[in-house]
Amino acid sequence: MSTGPTNRVVTPLVSGPIPLYHQLRQALRDRIAAGEWRPGDQVPTLRELCQLYGVSRITAIQALGALAHEGVLARKQGKGTFVAEPKIEHGPVRLLSFTEDIARRGHVPGSRILELARIPAGQTIAARLQLAPGDAVVLLRRLRLIDGKPMGVQNAYLPDDLFPGLAQMREPIDSLYRLLDVRYGVVPAKATEAYEPIVVDDEIASLLGVRRGVPAFSVERVTRDQRNRLVEFTVSVLRGDRYKVVLDLAGPGL
(Lines give C-alpha, C1' and ligand atoms only; values in the text may rest on other atoms or scores of the structure.)
Protein backbone atom coordinates (compact mmCIF):
# COMPACT_ATOMS: atom_id res chain seq x y z
CA MET A 1 0.00 0.00 0.00
CA SER A 2 1.22 3.51 -0.80
CA THR A 3 0.18 6.96 0.33
CA GLY A 4 -0.10 9.64 -2.37
CA PRO A 5 0.37 13.39 -2.16
CA THR A 6 -3.28 13.81 -1.16
CA ASN A 7 -2.87 11.35 1.72
CA ARG A 8 -5.14 8.87 0.01
CA VAL A 9 -4.17 5.22 0.37
CA VAL A 10 -4.39 3.25 -2.89
CA THR A 11 -3.66 -0.30 -3.95
CA PRO A 12 -0.83 -0.71 -6.49
CA LEU A 13 -2.05 -1.75 -9.94
CA VAL A 14 -1.65 -5.36 -11.05
CA SER A 15 -0.87 -6.59 -14.57
CA GLY A 16 -3.76 -8.40 -16.25
CA PRO A 17 -5.95 -8.39 -19.36
CA ILE A 18 -6.29 -4.59 -19.13
CA PRO A 19 -2.98 -2.82 -19.83
CA LEU A 20 -1.51 -1.01 -16.85
CA TYR A 21 -1.59 2.39 -18.51
CA HIS A 22 -5.34 1.93 -19.16
CA GLN A 23 -5.84 1.08 -15.50
CA LEU A 24 -3.83 4.11 -14.40
CA ARG A 25 -5.64 6.41 -16.81
CA GLN A 26 -9.00 5.26 -15.42
CA ALA A 27 -7.81 5.56 -11.82
CA LEU A 28 -6.72 9.16 -12.39
CA ARG A 29 -9.92 9.96 -14.27
CA ASP A 30 -11.98 8.56 -11.36
CA ARG A 31 -10.16 10.75 -8.85
CA ILE A 32 -10.80 13.83 -10.99
CA ALA A 33 -14.48 12.91 -11.44
CA ALA A 34 -14.81 12.45 -7.67
CA GLY A 35 -13.57 16.01 -7.14
CA GLU A 36 -10.35 14.99 -5.43
CA TRP A 37 -8.47 17.09 -7.98
CA ARG A 38 -10.29 20.10 -9.37
CA PRO A 39 -9.60 22.17 -12.51
CA GLY A 40 -6.29 23.95 -12.07
CA ASP A 41 -4.96 21.48 -9.48
CA GLN A 42 -1.60 19.87 -10.15
CA VAL A 43 -1.63 16.07 -10.33
CA PRO A 44 1.19 13.94 -8.88
CA THR A 45 4.52 13.91 -10.69
CA LEU A 46 5.73 10.93 -12.71
CA ARG A 47 7.86 9.76 -9.78
CA GLU A 48 4.94 10.07 -7.36
CA LEU A 49 2.60 8.17 -9.68
CA CYS A 50 5.15 5.39 -10.09
CA GLN A 51 5.54 5.07 -6.33
CA LEU A 52 1.83 5.43 -5.61
CA TYR A 53 0.55 2.88 -8.14
CA GLY A 54 3.60 0.63 -8.49
CA VAL A 55 4.00 1.24 -12.23
CA SER A 56 6.91 2.06 -14.50
CA ARG A 57 7.78 5.54 -15.72
CA ILE A 58 6.73 4.58 -19.27
CA THR A 59 3.30 3.48 -18.01
CA ALA A 60 2.81 6.76 -16.15
CA ILE A 61 3.88 8.77 -19.21
CA GLN A 62 1.39 6.85 -21.41
CA ALA A 63 -1.49 7.41 -18.97
CA LEU A 64 -0.80 11.13 -18.56
CA GLY A 65 -0.34 11.51 -22.32
CA ALA A 66 -3.67 9.84 -23.04
CA LEU A 67 -5.51 12.08 -20.55
CA ALA A 68 -3.81 15.17 -21.97
CA HIS A 69 -4.85 14.13 -25.50
CA GLU A 70 -8.45 13.76 -24.28
CA GLY A 71 -8.37 17.23 -22.75
CA VAL A 72 -8.71 15.96 -19.17
CA LEU A 73 -5.20 17.12 -18.23
CA ALA A 74 -3.08 20.03 -19.41
CA ARG A 75 0.71 20.11 -19.42
CA LYS A 76 2.53 23.34 -18.58
CA GLN A 77 6.14 23.54 -19.65
CA GLY A 78 8.45 23.57 -16.66
CA LYS A 79 5.58 23.47 -14.16
CA GLY A 80 3.94 20.05 -14.37
CA THR A 81 0.60 18.50 -15.29
CA PHE A 82 -2.70 20.00 -14.17
CA VAL A 83 -6.40 19.17 -14.33
CA ALA A 84 -7.75 20.99 -17.38
CA GLU A 85 -10.71 23.32 -17.33
CA PRO A 86 -13.82 21.44 -18.54
CA LYS A 87 -14.95 22.26 -22.06
CA ILE A 88 -18.36 23.78 -22.66
CA GLU A 89 -20.33 21.52 -24.98
CA HIS A 90 -22.53 22.99 -27.67
CA GLY A 91 -24.89 21.02 -29.84
CA PRO A 92 -28.21 21.32 -31.67
CA VAL A 93 -30.48 22.80 -28.99
CA ARG A 94 -33.23 25.38 -28.92
CA LEU A 95 -32.19 28.94 -29.65
CA LEU A 96 -30.70 30.48 -26.51
CA SER A 97 -28.66 33.52 -25.70
CA PHE A 98 -25.11 32.98 -24.45
CA THR A 99 -26.27 33.98 -20.96
CA GLU A 100 -29.15 31.47 -20.90
CA ASP A 101 -27.09 28.68 -22.44
CA ILE A 102 -24.20 28.95 -19.99
CA ALA A 103 -26.46 29.41 -16.94
CA ARG A 104 -28.48 26.28 -17.71
CA ARG A 105 -25.23 24.30 -17.83
CA GLY A 106 -24.50 25.26 -14.25
CA HIS A 107 -21.89 27.94 -14.93
CA VAL A 108 -21.88 31.67 -14.23
CA PRO A 109 -22.08 33.74 -17.44
CA GLY A 110 -20.67 37.22 -17.68
CA SER A 111 -19.62 39.85 -20.18
CA ARG A 112 -17.71 43.07 -20.54
CA ILE A 113 -18.68 45.59 -23.20
CA LEU A 114 -15.68 46.46 -25.36
CA GLU A 115 -17.55 48.69 -27.82
CA LEU A 116 -21.11 49.88 -28.41
CA ALA A 117 -21.55 52.14 -31.41
CA ARG A 118 -23.62 53.01 -34.48
CA ILE A 119 -21.58 52.23 -37.61
CA PRO A 120 -22.16 51.90 -41.38
CA ALA A 121 -22.62 48.32 -42.56
CA GLY A 122 -19.81 46.92 -44.67
CA GLN A 123 -20.38 44.51 -47.55
CA THR A 124 -20.42 41.33 -45.44
CA ILE A 125 -22.62 42.71 -42.67
CA ALA A 126 -25.04 44.24 -45.17
CA ALA A 127 -25.31 40.95 -47.07
CA ARG A 128 -26.00 38.91 -43.92
CA LEU A 129 -28.72 41.32 -42.73
CA GLN A 130 -30.04 42.04 -46.25
CA LEU A 131 -29.27 45.74 -45.93
CA ALA A 132 -27.64 48.16 -48.34
CA PRO A 133 -23.93 48.79 -47.79
CA GLY A 134 -23.59 51.88 -45.65
CA ASP A 135 -26.90 51.39 -43.82
CA ALA A 136 -26.59 52.05 -40.10
CA VAL A 137 -26.14 49.08 -37.78
CA VAL A 138 -25.46 48.83 -34.06
CA LEU A 139 -22.18 47.13 -33.16
CA LEU A 140 -22.11 45.50 -29.73
CA ARG A 141 -18.67 44.03 -29.03
CA ARG A 142 -18.28 42.05 -25.81
CA LEU A 143 -15.81 39.84 -24.01
CA ARG A 144 -17.83 36.80 -22.94
CA LEU A 145 -16.95 35.18 -19.61
CA ILE A 146 -17.67 31.82 -18.00
CA ASP A 147 -17.13 31.61 -14.24
CA GLY A 148 -15.20 34.86 -14.49
CA LYS A 149 -12.76 33.57 -17.13
CA PRO A 150 -12.60 34.80 -20.75
CA MET A 151 -14.33 32.40 -23.15
CA GLY A 152 -14.77 34.39 -26.33
CA VAL A 153 -15.00 37.72 -28.11
CA GLN A 154 -18.35 38.45 -29.73
CA ASN A 155 -19.32 41.10 -32.28
CA ALA A 156 -23.09 41.48 -32.70
CA TYR A 157 -24.48 43.63 -35.52
CA LEU A 158 -28.14 44.72 -35.44
CA PRO A 159 -30.15 46.94 -37.83
CA ASP A 160 -30.22 50.39 -36.28
CA ASP A 161 -33.73 51.19 -37.53
CA LEU A 162 -35.17 48.22 -35.61
CA PHE A 163 -33.47 49.15 -32.34
CA PRO A 164 -33.50 52.93 -31.86
CA GLY A 165 -31.47 54.10 -28.90
CA LEU A 166 -29.60 50.81 -28.47
CA ALA A 167 -26.25 52.32 -29.48
CA GLN A 168 -26.69 55.00 -26.79
CA MET A 169 -27.47 52.62 -23.93
CA ARG A 170 -25.37 53.07 -20.81
CA GLU A 171 -26.85 50.26 -18.72
CA PRO A 172 -25.03 46.89 -18.58
CA ILE A 173 -26.15 44.42 -21.24
CA ASP A 174 -25.94 40.94 -19.75
CA SER A 175 -28.41 39.16 -22.05
CA LEU A 176 -28.91 40.83 -25.42
CA TYR A 177 -31.86 38.57 -26.29
CA ARG A 178 -33.64 39.46 -23.06
CA LEU A 179 -33.07 43.15 -23.77
CA LEU A 180 -34.45 42.84 -27.32
CA ASP A 181 -37.56 41.13 -25.96
CA VAL A 182 -38.25 43.47 -23.03
CA ARG A 183 -37.33 46.79 -24.62
CA TYR A 184 -38.22 46.27 -28.29
CA GLY A 185 -40.68 43.37 -28.33
CA VAL A 186 -38.32 41.40 -30.58
CA VAL A 187 -38.08 37.68 -29.81
CA PRO A 188 -35.24 35.78 -31.52
CA ALA A 189 -37.01 32.78 -33.04
CA LYS A 190 -34.53 30.93 -35.24
CA ALA A 191 -30.91 31.15 -36.27
CA THR A 192 -28.31 29.63 -38.55
CA GLU A 193 -24.78 29.08 -37.25
CA ALA A 194 -21.57 28.27 -39.11
CA TYR A 195 -18.37 27.09 -37.39
CA GLU A 196 -14.86 27.44 -38.75
CA PRO A 197 -11.53 26.54 -37.10
CA ILE A 198 -9.08 29.44 -36.92
CA VAL A 199 -6.01 30.58 -34.99
CA VAL A 200 -6.20 33.75 -32.91
CA ASP A 201 -4.36 36.96 -33.71
CA ASP A 202 -2.55 39.22 -31.24
CA GLU A 203 -5.62 41.29 -30.33
CA ILE A 204 -7.91 38.33 -29.63
CA ALA A 205 -5.13 36.45 -27.83
CA SER A 206 -4.63 39.41 -25.49
CA LEU A 207 -8.35 39.62 -24.69
CA LEU A 208 -8.69 35.88 -24.09
CA GLY A 209 -5.47 35.51 -22.14
CA VAL A 210 -3.99 32.93 -24.53
CA ARG A 211 -0.99 32.78 -26.84
CA ARG A 212 -1.14 34.15 -30.36
CA GLY A 213 -1.79 31.38 -32.89
CA VAL A 214 -3.65 28.95 -30.60
CA PRO A 215 -6.69 27.19 -32.15
CA ALA A 216 -10.16 28.68 -31.78
CA PHE A 217 -13.62 28.55 -33.33
CA SER A 218 -15.01 31.37 -35.45
CA VAL A 219 -18.81 31.19 -35.21
CA GLU A 220 -21.19 33.18 -37.38
CA ARG A 221 -24.86 33.39 -36.42
CA VAL A 222 -27.70 34.98 -38.39
CA THR A 223 -30.89 35.37 -36.35
CA ARG A 224 -34.52 36.02 -37.32
CA ASP A 225 -37.28 37.14 -34.99
CA GLN A 226 -40.88 35.99 -34.51
CA ARG A 227 -41.87 38.01 -37.61
CA ASN A 228 -39.11 36.39 -39.69
CA ARG A 229 -37.10 39.62 -39.84
CA LEU A 230 -33.31 39.51 -39.87
CA VAL A 231 -32.41 41.06 -36.53
CA GLU A 232 -28.85 40.00 -35.73
CA PHE A 233 -25.58 38.96 -37.34
CA THR A 234 -22.99 37.79 -34.83
CA VAL A 235 -19.35 36.83 -35.26
CA SER A 236 -17.76 35.15 -32.24
CA VAL A 237 -14.28 33.82 -31.60
CA LEU A 238 -14.40 31.07 -28.96
CA ARG A 239 -11.45 29.45 -27.21
CA GLY A 240 -10.66 26.05 -28.72
CA ASP A 241 -9.37 24.72 -25.39
CA ARG A 242 -12.67 25.47 -23.60
CA TYR A 243 -15.28 24.71 -26.24
CA LYS A 244 -16.40 21.74 -28.30
CA VAL A 245 -19.29 21.04 -30.65
CA VAL A 246 -21.36 17.89 -30.11
CA LEU A 247 -23.78 16.63 -32.76
CA ASP A 248 -26.41 13.90 -32.47
CA LEU A 249 -26.63 11.93 -35.71
CA ALA A 250 -29.24 9.40 -36.77
CA GLY A 251 -29.28 6.87 -39.58
CA PRO A 252 -31.92 6.89 -42.35
CA GLY A 253 -33.95 4.25 -40.52
CA LEU A 254 -34.68 6.50 -37.53
Checked the stretch 27-63 for anything surrounded by 16 or more Cβ atoms within 10 Å (Cβ to Cβ), closer than 30 Å to ASP147 by Cα and out of contact with any helix residue (DSSP H, G or I) (no Cβ under 8 Å at 6 or more places or on another chain); matches are ARG31, ILE32
From the residues in the stretch 148-173 that are more than 27 Å from GLN130 (Cα to Cα) and charged (D, E, K, R), which one is nearest to the chain's Cα centre (by Cα)?
-> LYS149
When the stretch 156-177 is examined, which residues are found to be in a loop (DSSP other than H, G, I, E, B) and touching a Pro at 6+ places or on another chain (Cβ under 9 Å)?
-> ASP174, SER175
Based on what the data block shows, is VAL153 within 30 Å of LYS76 (Cβ to Cβ), at pLDDT 90 or above, assigned to a loop (DSSP other than H, G, I, E, B) and aliphatic (A, V, I, L, M)?
-> no
Say whether the condition of being touching a residue at least 24 places away in the same chain (Cβ under 8 Å), more than 25 Å from LEU129 (Cα to Cα) and out of contact with any Leu (no Cβ under 8 Å at 6 or more places or on another chain) is met by at least one residue in the stretch 234-241.
-> yes
Qualifying positions in the stretch 196-229 - within 20 Å of LEU129 (Cβ to Cβ), out of contact with any Lys or Arg (no Cβ under 6 Å at 6 or more places or on another chain) and not basic (Lys, Arg) | GLU196, SER218, VAL219, GLU220, THR223, ASP225, GLN226, ASN228
Filter the stretch 20-54 for residues that are farther than 14 Å from VAL10 by Cβ, assigned to a helix (DSSP H, G or I) and modelled with pLDDT of 90 or more and give the result.
-> LEU46, ARG47
With the condition kept exactly as written, say whether any residue in the stretch 92-113 is surrounded by 14 or more Cβ atoms within 10 Å (Cβ to Cβ) and modelled with pLDDT of 90 or more.
-> no
Every residue from the stretch 129-142 that is surrounded by 15 or more Cβ atoms within 10 Å (Cβ to Cβ) and touching a helix residue (DSSP H, G or I) at 6+ places or on another chain (Cβ under 6 Å) = VAL137, VAL138
For the stretch 218-242, which residues satisfy the criterion of being surrounded by fewer than 19 Cβ atoms within 10 Å (Cβ to Cβ) and modelled with pLDDT under 90?
-> GLY240, ASP241
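The values are calculated or read from the model by the stated rules, or taken from the named source; none is laboratory data. For clarity, every value in this text was computed on a predicted model and none was experimentally measured. Glycine gets a Cβ as well: all are built from the backbone with ideal geometry, and neighbour counts include every protein chain shown.
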